[in-house]
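Step one of this worksheet: look at the structure below.
Every number here is computed from the coordinates shown, using simple stated rules; none is lab data. All figures in this text were calculated on a predicted structure; none of them were measured in a lab. Cβ placement follows ideal geometry from the backbone for every residue including glycine, while neighbour counts extend to all protein chains displayed.
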Amino acid sequence: HAGPLRCSNCSRCVPKDKAIKRFTVRIMAESAAVRDISEASVYQAEYVIPKLYLKIAYCVSCAIHSHGRRNRAPLPHVRYKDGKKAHLAVEAAAGAAAS
């Protein structure tokens, strides 16, 4: 079993291998605040505001809700050949095996 993690959004307990993990980098202050800080600063040199490095783990529900993850994998394209369904992925695999 994988160790449990807590969802960053709803605190649901999620297995570590099932959680959707995202790594985000944010600036500590918004752009308007950065300008105000630089104008009020005593130092003439450009002061680089540090960044926040966050590793966020979501449960499946929160990842889908926040559009971090799609609901399901897209269906393969279906083509009709001689009145029967012919899947493009299956044909490509069969063609690669025959070559």
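Side notes on the structure shown:
- Residues listed by number, the range 7-34, amide nitrogen under 16 Å from Y53 label point at 7 Å toward C-beta: 22-28
- With K and R counted +1 and D and E -1, the other residues having a Cβ less than 15 Å from that of P15 yield a net charge of +4.
- Length available on full extension from R69 to R6: 0.36 nm per residue minus the Cα-Cα distance, which gives 20.9 nm.
- Relative protection proxy for 11-21, 37-47, from highest mean packing down: 11-21, 37-47 (other beta-carbon atoms within 10 angstrom).
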